[in-house]
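Only the coordinates and a few stated rules stand behind these numbers; no lab work does. Bear in mind the structure is a predicted one, so any value in this text is a computation, not a measurement. Quick reminder, even Gly has a Cβ in these numbers, built from the backbone with ideal geometry, and neighbours come from all protein chains shown.
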Amino acid sequence: MCGYPKASALVLSVLFFVSYANPASKSSDAAIYWNSATLQGIRDAKLGAPVVARALAIVHTCMYDAWAAYDERAVGTQLGGALRRPASERTLANKEQAISYAAYRALVDVLPVDTNSVYIPLMKQLGCSSKIEPGVTPAHQVTLHWETFTDAANEAGISRRYGGIHFRAADLAGRLLGRIVAFKAWQRAKVISMVPPNKFSRLTP
């Protein structure tokens, strides 16, 4: 029970901050909208203070990490600056869209009670969702680009953490296993590439 006062204090401090955030600041519009959506989800879910504190931490960490990828100096909580986007992509629009998708996916997982009544309508309002699959399919065509396969693997791994599918240790272990398998597969491919096509059947597994 000793953790309840601390959890309650955290919740109250976040509520105070959100209530007095400056709505005139264009750069924080998306964050303010999703803060409000989060608080609505908390009210409707009727959860205890410790669970509320956890939900707030998850949602805001996801929002921060998504935003950090589009800032020139900020570093994410999980991969540092590994997900940083090129300078040409660090626009306000991209930051707000990243925040929106991160907040939406986190809220659907930790506070699903308002998915249809609050989160999906907000995604539409902010222009971040298509009419075909609200809240899931982007409103506009998105092109993903990675400089290396390692970059792609890192982003895939962190997405599993944000989705609540894997913990950090499992994610990193999976990436390491992937590297080992890839190395063995590449070694095998080099052997096969030096064998005439009519000799393939004679290769042992």
Segment 61-119: trypsin sites (Lys or Arg not before Pro) in DSSP coil with no more than 16 other Cβ atoms inside 10 Å: R73, R90
Packing-based exposure ordering (other Cβ within 10 Å, fewest first) of I58, I99: I58, I99
Pair T150, R175: separation of 7 Å Cα→Cβ label points (nm): 1.0
Sorted by Cβ neighbour density within 10 Å, fewest at the top, the residues H166, H145: H145, H166
Relative packing of 150-160, 178-188, which averages over residues the other C-beta atoms within 10 Å, highest first: 150-160, 178-188
Footprinting exposure proxy for D114, D109 (fewest neighbouring C-beta atoms within 10 Å first): D109, D114
Per-residue HN-Hα couplings for segment 80-91 [Karplus 6.51, -1.76, 1.60; θ = phi - 60°; Hz; x = Gly/Pro]: x, x, 4, 9, 4, 7, x, 4, 5, 9, 7, 9
Calculated from backbone phi, Karplus (6.51, -1.76, 1.60) coupling profile of segment 111-117 in Hz, x at Gly/Pro: 9, x, 4, 10, 4, 7, 8
